Amino acid sequence: MLAVGLAVFNALYATQAMLPMLTADLEVSPTAAALTVSAATGALAVCIVPASILSERYGRGRVLIISALAATAVGLLLPLAPDAGTLIVMRAVQGALVAGTPAVAMTWLSEEVDQRDLGRAMGLYISGNTLGGLSGRLIPAGLLEFTSWRWALFITAVVALVFAVITAVALPKQRRFTPRSITLRHEVAAMARHVRTPSLVALFAVAFVGMGVFVSVYNFFGFRLIDDFGLSPALVGAVFVMYLAGTWSSARAGALSDRIGRGTVMLGGAVGMWLGLWAVAAGWLWLALTGLFVFTASFFAMHSTASSWIGVIATENRAEASSMYLFCYYTGSSLLGGASGWAFSALPWTGFIAVLTAVLFVAVAVAAVMAARERQR
């Protein structure tokens, strides 16, 4: 599960650290360059529920392995894109193929791991995702100092493919999975039941808003560092080391939620994101980076807690519940991450951050309600 996170999340975010370089080399706007990220996450969101449904019939492990191998193999073709439009389309195809992995990974854990250990296990899986996202940004960013974005993207794709092969070889067979027939009526009914569960809907909202704001900040913070602070592309890419804060916090959140409650941890993560985001608006580099550190650690603590909570609340049809959570998660990444480009182009940096803090307050409010209800039980 660690290896698959390193494979697919490396592939999914491989263009994010090089957005300023794509803007210059392909002669497109920052908003258009950001579509290389939003197109991948948007296609992932669209395909994640169908991939989850297929896993009910053919097995979580099979879907996960095929997804990882296919998505990383497509990554080898990305450097051949002749223009921005082709690159965006190819990234959408890659995102659609990536969908099979996040669609079933959390369900795989929910079925195979004892409930008493699920919070910690989910935290470690999310930690693997952050390491994959980190390598997918640091590797191309570092290579940009020595070569073109095309070679940087190719080498990153090779690394991702290696981890996908490791996943295919090492992933254990499921012991607690029973295939079942797939009917459209049953799947629609299962998702409809989840939509009528207020606590699940609340977690879906947290996923949509939290991930949308998170991706928006990381899409455009690099432009801020280059244009306003004068940093080089390699130094800008090094900012993604902040993901290590998420690696640590997601693992800690799982253990902490077992002691003080998931609602309290999720609320703490939402508030931490909100406060960190205000610091990101600062005109002092050290304060902006400190704010980004707090923002990143808090986001992954919130996401790790919310995703593990899905498997606890949804005692039936967990695959559908997990896929609906991730549908909202990646839809937020695509829609808010793409739409925020307009705010970035139209507003000064402080205005851009102010818009994001207003959106993020929705997640803070929902998390507060969830925490209050948990304490009343």
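Here's the yes/no breakdown for (1) more than 16 Å from the chain's Cα centre (by Cα); (2) in contact (Cβ under 8 Å) with a residue 12 or more places away in the chain:
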residue: PHE146; (1), (2): yes, no
residue: ALA170; (1), (2): yes, yes
residue: GLU187; (1), (2): yes, yes
residue: GLY212; (1), (2): no, yes
residue: VAL215; (1), (2): no, yes
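Which condition number does ALA192 fail, the rest of (1) buried (at least 16 other Cβ atoms within 10 Å of the Cβ); (2) in a helix (DSSP H, G or I) being met?
If we test ALA192 against (1) buried (at least 16 other Cβ atoms within 10 Å of the Cβ); (2) in a helix (DSSP H, G or I), just (1) comes out false.
Rundown of residues vs (1) crowded, with 23+ Cβ neighbours inside 10 Å; (2) more than 12 Å from VAL98 (Cβ to Cβ); (3) out of contact with any Cys (no Cβ under 8 Å at 6 or more places or on another chain), yes/no style:
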{"residue": "ALA34", "(1), (2), (3)": "yes, yes, yes"}
{"residue": "THR41", "(1), (2), (3)": "yes, no, yes"}
{"residue": "GLU56", "(1), (2), (3)": "yes, yes, yes"}
{"residue": "ARG62", "(1), (2), (3)": "no, yes, yes"}
{"residue": "ILE66", "(1), (2), (3)": "no, no, yes"}
{"residue": "THR72", "(1), (2), (3)": "yes, no, yes"}
{"residue": "GLY75", "(1), (2), (3)": "yes, no, yes"}
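Do you know which residues across region 348-367 are farther than 21 Å from ALA205 by Cα and in contact with a helix residue (DSSP H, G or I) (Cβ under 7 Å, 6 or more places away or on another chain)?
Going residue by residue through region 348-367, those that are farther than 21 Å from ALA205 by Cα are 348-352.
TRP349, PHE352 - these are the residues of region 348-367 that are farther than 21 Å from ALA205 by Cα and in contact with a helix residue (DSSP H, G or I) (Cβ under 7 Å, 6 or more places away or on another chain).
Kindly indicate whether ALA346 is without any contact (Cβ under 8 Å) to a residue 24 or more places away in the chain, surrounded by fewer than 24 Cβ atoms within 10 Å (Cβ to Cβ) and either within 22 Å of THR41 (Cα to Cα) or under 23 Å from the mean Cα position of the chain (by Cα) (or both). Can you show your working first?
Values: without any contact (Cβ under 8 Å) to a residue 24 or more places away in the chain: yes; surrounded by fewer than 24 Cβ atoms within 10 Å (Cβ to Cβ): yes; either within 22 Å of THR41 (Cα to Cα) or under 23 Å from the mean Cα position of the chain (by Cα) (or both): no.
No; evaluated as a whole, the condition is false for this residue.
Do we have GLY85 as free of Cβ contacts under 8 Å to residues at least 12 places away in the same chain, assigned to a helix (DSSP H, G or I) and either more than 14 Å from the chain's Cα centre (by Cα) or surrounded by fewer than 24 Cβ atoms within 10 Å (Cβ to Cβ) (or both) here? Walk me through how you get there before you give the answer.
Working: free of Cβ contacts under 8 Å to residues at least 12 places away in the same chain: yes; assigned to a helix (DSSP H, G or I): yes; either more than 14 Å from the chain's Cα centre (by Cα) or surrounded by fewer than 24 Cβ atoms within 10 Å (Cβ to Cβ) (or both): yes.
Considered against the rule, which asks whether it is free of Cβ contacts under 8 Å to residues at least 12 places away in the same chain, assigned to a helix (DSSP H, G or I) and either more than 14 Å from the chain's Cα centre (by Cα) or surrounded by fewer than 24 Cβ atoms within 10 Å (Cβ to Cβ) (or both), GLY85 comes out as yes.
Based on this model, can you work out whether VAL28 counts as in a loop (DSSP other than H, G, I, E, B) and more than 17 Å from VAL74 (Cβ to Cβ)?
On the way: in a loop (DSSP other than H, G, I, E, B): yes; more than 17 Å from VAL74 (Cβ to Cβ): yes.
Considered against the rule, which asks whether it is in a loop (DSSP other than H, G, I, E, B) and more than 17 Å from VAL74 (Cβ to Cβ), VAL28 comes out as yes.
With respect to ALA306, is the statement that it is within 19 Å of ALA245 (Cβ to Cβ) and either among the β-branched types (Val, Ile, Thr) or surrounded by fewer than 19 Cβ atoms within 10 Å (Cβ to Cβ) (or both) true?
no
For region 2-18, which positions are out of contact with any Ser or Thr (no Cβ under 6 Å at 6 or more places or on another chain), of a type in the set (A, V, I, L, M, F, W, C) and crowded, with 22+ Cβ neighbours inside 10 Å?
If we filter region 2-18 for residues that are out of contact with any Ser or Thr (no Cβ under 6 Å at 6 or more places or on another chain), which is where we start, we get 2, 5-6, 9, 12-13, 16-18.
Subsequent filtering for residues that are of a type in the set (A, V, I, L, M, F, W, C) retains 2, 6, 9, 12, 17-18.
The answer is LEU6, PHE9, LEU12, ALA17, MET18.
So which of VAL312, VAL369, VAL355, VAL359 ends up being β-branched (Val, Ile, Thr), farther than 18 Å from ARG60 by Cβ and free of Cβ contacts under 8 Å to residues at least 60 places away in the same chain?
On the way: VAL312 fails: free of Cβ contacts under 8 Å to residues at least 60 places away in the same chain; VAL369 fails: free of Cβ contacts under 8 Å to residues at least 60 places away in the same chain; VAL359 fails: free of Cβ contacts under 8 Å to residues at least 60 places away in the same chain.
Unique residue meeting the criteria: VAL355.
Return the pair list, or none, for Cβ contacts closer than 8 Å from residues in region 270-294 that are within 18 Å of TYR218 (Cβ to Cβ) and among the aliphatic types (A, V, I, L, M) to residues that are modelled with pLDDT under 95 and not in a helix (DSSP H, G or I), at least 6 apart or on different chains.
LEU285/PHE229; ALA288/ALA281; ALA288/ALA282
Considering region 122-135 alone, what residues qualify as being within 27 Å of TRP309 (Cβ to Cβ) and not β-branched (Val, Ile, Thr)? Break it down stepwise before answering.
We begin by selecting, within region 122-135, every residue within 27 Å of TRP309 (Cβ to Cβ); these are 122-134.
Matches in region 122-135: MET122, GLY123, LEU124, TYR125, SER127, GLY128, ASN129, LEU131, GLY132, GLY133, LEU134.
Mind listing whichever residues of region 234-260 are of a type outside the set (A, V, I, L, M) and at pLDDT 85 or above? Before the answer, list the steps.
Within region 234-260, the first condition is being of a type outside the set (A, V, I, L, M), and the residues that meet it are 237, 240, 243, 246-250, 252, 254, 257-259.
Result: SER249, single match.
For region 150-174, which positions are over 30 Å from THR23 (Cα atoms) and out of contact with any helix residue (DSSP H, G or I) (no Cβ under 7 Å at 6 or more places or on another chain)? Steps first, please.
Filtering region 150-174 down to residues over 30 Å from THR23 (Cα atoms) leaves 165-174.
Across region 150-174, the qualifying residues are VAL165, VAL169, PRO172.
Which of the following residues is surrounded by fewer than 21 Cβ atoms within 10 Å (Cβ to Cβ), of a type in the set (A, V, I, L, M, F, W, C), within 25 Å of PHE204 (Cβ to Cβ) and within 17 Å of the chain's Cα centre (by Cα): VAL104, VAL98, VAL49? Write out each step before concluding.
Numbers: VAL104 fails: surrounded by fewer than 21 Cβ atoms within 10 Å (Cβ to Cβ); VAL98 fails: surrounded by fewer than 21 Cβ atoms within 10 Å (Cβ to Cβ).
That would be VAL49, the only listed residue that is surrounded by fewer than 21 Cβ atoms within 10 Å (Cβ to Cβ), of a type in the set (A, V, I, L, M, F, W, C), within 25 Å of PHE204 (Cβ to Cβ) and within 17 Å of the chain's Cα centre (by Cα).
The values are calculated or read from the model by the stated rules, or taken from the named source; none is laboratory data. Note that the coordinates shown come from a computational prediction; the quantities given were computed from them, not determined experimentally. Don't worry about glycine lacking a Cβ; one is built from the backbone with ideal geometry, like all the others, and counts go over all protein chains shown.
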